[in-house]
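S.K.: Let me begin by handing over the structure; questions about it come next.
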Amino acid sequence: MSAEPRINDRIRVPEVRLVGPSGEQVGIVPLAKALELAQEYDLDLVEVAANARPPVCKLMDYGKFKYESAMKAREARKNQAHTVIKEMKLRPKIDPHDYDTKKGHVVRFLKQGDKVKITIMFRGREQSRPELGYRLLQRLAEDVQDLGFVESNPKQDGRNMIMVLGPHKKKTEAMAEARQAQEARKADAKANPGKSQNVAESADAESVVETEAPAEASAEA
């Protein structure tokens, strides 16, 4: 764990290499002089490089510095992208309507920047026809090739056949685009107050669906 830097009277060295409040190099000065300058500027003397000889200290508003650092760390955690693997299960003889529905889910996941594990489930005599599953996986990969690529080729795993699709778009890019789209909808609503409330509610509903969509990931054909 990183300890907090020493500040003001907690600094115990005869002299320091001082950096001014705007980043200017003041030079090596006695500690007493550095503390005097800190009082004149109504700032803190903060040790920023304790292992240097002499230690490097800077004049700054330490309370403000800590607050801004905490906000930056919070924003970084908020924007951190976690790799997520969704799962979609299909049957080798899936009907066209169900296939389109499943493909729609895969498209949405890839647009969100998530990986998708596609599982073909064989039952009974279907196990003797693995080529059905292979062709279905190939078809799906071709249908979504603009959004994703085959990260893991189809392989048999017991009664199932598995393939993993990876998104062309990074998770951070997908998150940024989603925020921009939401901000654009809000801006449009403010610029066009004459639009019906239903339109605005519809835009909000789309945002909610987009957020809650992962719950549908494990739906089985």
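S.K.: Starting at the first residue of the range 137-147, write each ³J(HN,Hα) from the Karplus equation 6.51 cos²θ - 1.76 cosθ + 1.60 with θ = phi - 60°, in whole Hz, x for Gly and Pro.
M.R.: Result, ordered by residue: 5, 4, 4, 5, 4, 5, 5, 10, 4, 6, 10 Hz.
S.K.: Would you mind getting me the FRET efficiency between residue 138 and residue 69? Use the beta-carbon distance for r and R0 = 45 Å, nearest 0.05.
M.R.: Result of the calculation: an efficiency of 0.35.
S.K.: Compute the FRET efficiency between residue 50 and residue 78 as 1/(1 + (r/R0)^6), taking r as their Cβ-Cβ distance and R0 = 25 Å, and round to the nearest 0.05.
M.R.: E between residue 50 and residue 78, to the nearest 0.05, is 0.20.
S.K.: Let me ask another. Can you give me the % of accessible surface on the range 26-70 that is carbon or sulfur? Probe 1.4 Å, all protein chains present, nothing else counted.
M.R.: The nonpolar share, carbon plus sulfur, comes to 53 percent.
S.K.: Would you mind checking the pairs 89/115; 33/72; 66/170; 103/171; 64/171; 66/169 and listing those with alpha carbons more than 23 angstrom apart?
M.R.: Pairs exceeding 23 Å: 33/72; 66/170; 64/171; 66/169.
S.K.: Return the sequence-ordered ³J(HN,Hα) values of the range 100-112 in whole Hz as given by the Karplus equation 6.51 cos²θ - 1.76 cosθ + 1.60 applied to θ = phi - 60°, using x for Gly and Pro.
M.R.: In residue order, the calculated couplings are 4, 5, 4, 4, x, 5, 4, 4, 5, 4, 5, 5, 7 Hz.
S.K.: Compute the accessible area per residue over the range 42-157, keeping the other protein chains in place, probe 1.4 Å, unit Å².
M.R.: That works out to 61 Å² per residue.
S.K.: May I ask you to derive the FRET efficiency for residue 153 and residue 123 from their Cβ-Cβ distance with R0 = 30 Å, giving the value to the nearest 0.05?
M.R.: 0.85
S.K.: For the range 74-133 and the range 14-73, what is the separation of their C-alpha centers, rounded to whole Å?
M.R.: The range 74-133 and the range 14-73 have Cα centres separated by 55 Å.
The values are calculated or read from the model by the stated rules, or taken from the named source; none is laboratory data. Everything quoted here is computed from the prediction, not taken from an experiment. Cβ coordinates were reconstructed from backbone atoms using ideal geometry, including for glycine residues, and neighbour counts include every protein chain displayed. The area values use the complete protein model at the heavy-atom level, side chains included, leaving out ligands, DNA and RNA. Shrake-Rupley method; radii C 1.70, N 1.55, O 1.52, S 1.80 Å.
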